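All remarks here apply to the structure that follows.
Values in this text are rule-based calculations from the coordinates and carry no lab data. Every value quoted in this text rests on a predicted model; they were computed, and no experiment measured them. Cβ atoms come from the backbone with ideal geometry, glycine included; neighbour counts cover every protein chain shown.
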Amino acid sequence: MLKTWDKGTQVVLERNPHYWQQGKPYLDGVVFRVVGDDNARTIQLTSGDVQLITDVPANQVQQLTTAGDQIFSVSGTAVGFITINEKVKPLDEAPVRCALSYALDRDSISRAVYFGKATPARSILPSSTLYYDANTNPISYDLTKAKSLLTSSSVPSGFEFTATVPSGDATTLSIAQIWAAALAQIGVNMRSNRWRRRRRRTSTTPSVSPCGSPDGRTIRPTLTS
């Protein structure tokens with residue numbers, strides 16, 4: 001039963017004395033805390049302040065298991081992506097969006113950010129779902145192709161844009177840094193604008209910009225876990 005709800009902070013549940021099954025629930029109560037910072041969640045777990053956390057950063061899995069904590073991992077249906085505002089110039093041009101996509105090194109992200117616990121997606125469908133086709137040939141990491149696409153656009157020498165990155169999300173920030181480094185090689189300067197989330201942490205793993213559809217609304221996935 002809901003006892004208290006402090007929006008953006010925590011939800012407190014208490015045992016329902018009228019539950020239909022005798023002897024249950026087992027616990028007298030459960031507290032769900034909203035902790036948006038990856039490191040803060042891990043510290044609370046290792047200090048014993050909490051007993052369970054979600055969204056464990058891949059770079060902290062080894063640290064937690066070494067300390068004796070248990071990590072439960074399942075094959076999910078999540079595909080990460082980056083959404084592009086095609087109403088902002090020059091992102092309204094398909095060649096520009098495609099150039100950004102070709103400048104995203106998905107393999108490096110899989111290794112350096114997810115420590116091999118995520119794989120580059122080959123389609124919009126996760127590999128664990130029906131109709132997934134492992135033989136598809138998605139956009140690859142190709143800076144030469146990216147430069148060629150920019151040459152055919154209105155910004156052949158490059159441009160600047162701002163990407164919004166959730167504050168406290170080490171995974172998303174690392175992906176943004178890898179992408180920014182590659183974009184710089186084709187003359188594109190990506191600035192990161194960090195914003196603070198107030199609600200429960202959700203999955204926001206980036207993947208790649210729209211590319212290929214006439215209206216630019218098709219989303220091409222990058223990573224799936």
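Quick notes
- Helix 170-184 axis, angle to the chain major axis (alpha carbon atoms, nearest 10°): 10
- Note on Asp69 and Lys3: their simple-model spin labels are 2.4 nm apart, each label 7 Å out from Cα toward Cβ.
- Part-to-part distance (alpha-carbon centres) for the range 64-103 and the range 179-196, which is given in Å: 14
- Amide H to amide H, with H built 1.01 Å from N, Gln10 comes under 5 Å of Val34, counting only residues 5 or more places away or on other chains.
- Arg194 long-range amide H proximity, modeled H, under 5 Å: Val165
- In this label model, Asp28 and Val11 are separated by 2.3 nm, measuring between points 7 Å along each Cα→Cβ vector.
- 19 Å cut-off, amide nitrogen to a point 7 angstrom out along Asp55 Cα→Cβ, residues in the range 153-181: 163-177
- Computed FRET value (nearest 0.05) for Ser157 with Thr77, which takes r as the C-beta separation and R₀ as 41 Å: 0.50
- Of all aspartates and glutamates in the structure, the ones whose alpha carbon falls short of 16 Å from that of Lys3, not counting any fewer than 8 places away in one chain, are Glu14, Asp28.
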